[in-house]
């Protein structure tokens, strides 16, 4: 190192020393429906953007179609291996929120 | 400025001022310890949901993530360990997470600092611990003999051990016996041992048809998907798998490859696979956070904050679970999301969601293709202050199918992507 070189780390240290603790830069609130949708995305991909072709992408489907499917899974009128069991864990208001969230996501867009 | 400089600067600041509280400047900093299903998910979702306004450092000793789910297929021979191994580069490049391949050696909850094995000290506003499990070798005295743990494998943390156990199975002559011991519940991955014996039996049925599989279970009955597994053993692996419940292994004679039960029963095997009893990962226990039975960490299920220390959140297999919540990778991924949302809220002066919902899905491969599942939906009960299964939700497969095999493969691809890309 050159004798008078100030590394970026030391320069930043000096800068931070002159800074009083400031309020957290508040993020925008987590989008409506995102938390509940995150209960689905372990299997259906982040934001409903599916990897692979075993399942259709939830992201970008019509809200009405998604809601109809979810309600049919819950009622047991649409057969499935697992969704008939999972859909029963949500009330109708939650199913509506899930359908709205996934309908609003870009299909296969960058995360 | 880059993140490394920033971290060096904060470390220097802490050293020069001795005051952690002002470190971090105007941007909050979350340190995540452990890059498995829980920690990697939490790190990514904190960055995503804070729109990049919270800095995240992920401390993970391994150079790459190796999945425990599906690792039994390596023993069965239908997958390679490389198929289950993924790097952390997307977390670094796409989400600007500072990934340090290092280990946490100590935590100071009062100063809010983590000291790493390398000697570096990280300051945090909030800490996420996803430390996995630590084996309690002292409960099996023979396993502490020098070299014992290289001879008798657990393969309950995927990676080298998984590959080594597969090699032992390959080297075993036809007509030999593979025996596996299961510790008392709760343990990591409730259906895992039962899936494992299916995989080994599947391999034997094709390549070593005179060989046997013996499952020595400390529990009184099959802990997960019991009727399904028992039917598979009877229908498909009738002459191969023998299940022995209430065999609590309390010692191992390593040189004789013999498991010894609490009652003194001895079972000798050609390949002996011992899953020791375990508890929360060492760093959690060492910090005094394993406050339930000195094994598991109690948390507030709204935030996953420790009931023992403020600003420390604990997720994954290390926690004291709620009723009927399994210690699974899927569950850890779900913990990570609830915890991430709560941390983003708390660091933005908002109230966290008061009724979080989580799901669980565990697929088990009973051959190279056929799969069964168990699923559940859990939601917060304010009166009981815990997560409870939503009545009527969840269930198991009626029978193994190839269709569920395709869904299991899809599950793995998507959950790995959900945590790592």
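A short reminder: the numbers here are calculations on the coordinates, not readings from a lab. All of these numbers come straight from a predicted model, not from anything done at the bench. Here the Cβ is made from the backbone with ideal geometry for all residues, glycine too, and neighbour counts use every protein chain on show.
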- request: Can you pull the one-decimal nm distance between simple spin-label points at residue A:53 and residue B:230, each 7 Å off the Cα toward Cβ?
  value: 4.2
- line: Rounded to 0.05, the calculated FRET efficiency for the beta carbons of residue B:403 and residue B:238 at R₀ = 30 Å is 0.75
- line: When B:413, B:295, B:112 are ranked with the fewest other C-beta atoms within 10 Å first, the list becomes B:413, B:295, B:112
task: Using a cut-off of under 18 Å, list every residue of segment B:339-369 whose amide N is near the label point 7 Å from the Cα of residue B:300 along the Cα-to-beta-carbon line.
output: B:339-357
message: Run the helix sum for chain B: -39,500 (n - 2.57) per DSSP H stretch of 4+ residues, divided by residue count, reported at 222 nm to the nearest 500 deg cm²/dmol.
response: -9000 deg cm²/dmol
task: For helix B:37-49, report the angle its Cα long axis makes with the longest principal axis of the Cα atoms of chain B; keep it between 0 and 90° and round to the nearest 10°.
output: 30
Paramagnetic reach from residue B:384 in segment B:292-312 [backbone N under 20 Å; point 7 Å along Cα→Cβ]: B:292-293, B:297-305, B:307
query: How far apart, in nm, are two points set 7 Å out from the Cα along the Cα-to-Cβ line at residue B:82 and at residue B:146?
result: 3.6
message: Viscosity 1.002 mPa s, temperature 20 °C: give me the Stokes-Einstein translational D for chain B in µm²/s, with Rh taken as the Kirkwood radius over C-alpha pairs.
response: 96
query: Out of B:120, B:43, B:408, any idea which swings most in a Gaussian network model of chain B, alpha carbons joined below 10 Å?
result: B:120
task: Assuming 1.306 mPa s and 10 °C, estimate D for segment B:154-276 with Stokes-Einstein, Rh taken as the Kirkwood radius over Cα pairs, in µm²/s.
output: 110
- line: Cα gyration tensor of the protein assembly as shown diagonalised, 5x eigenvalues square-rooted, in angstrom largest first, produces semi-axes 39, 30, 20
- prompt: Quick one: Cα centre-to-centre distance for segment B:324-374 and segment A:79-98, in angstrom?
  reply: 16
- request: Measure nothing but the geometry: give the 0 to 90° angle between the long axis through the Cα atoms of B:226-235 and the longest principal axis through the Cα atoms of chain B, rounded to 10°.
  value: 40
query: Expressed as an acute angle from 0 to 90° and rounded to the nearest 10, what is the orientation of the C-alpha long axis of helix B:329-347 relative to the principal long axis of chain B?
result: 10
task: Using only the alpha-carbon atoms of segment B:96-156, report the extent along each of the three principal axes, biggest first, to the nearest angstrom.
output: 42, 27, 20
- request: Would you mind checking segment B:322-348 for residues with the amide N under 17 Å from a putative spin-label position 7 Å along Cα→C-beta of residue B:293?
  value: B:322-328
message: Using Cβ contacts closer than 10 Å as the measure, can you line up B:129, A:58, A:36 from fewest to most?
response: A:36, A:58, B:129
message: Can you give the FRET efficiency to the nearest 0.05 for residue B:354 and residue B:210, using r as the Cβ-Cβ distance and R₀ = 51 Å?
response: 0.30
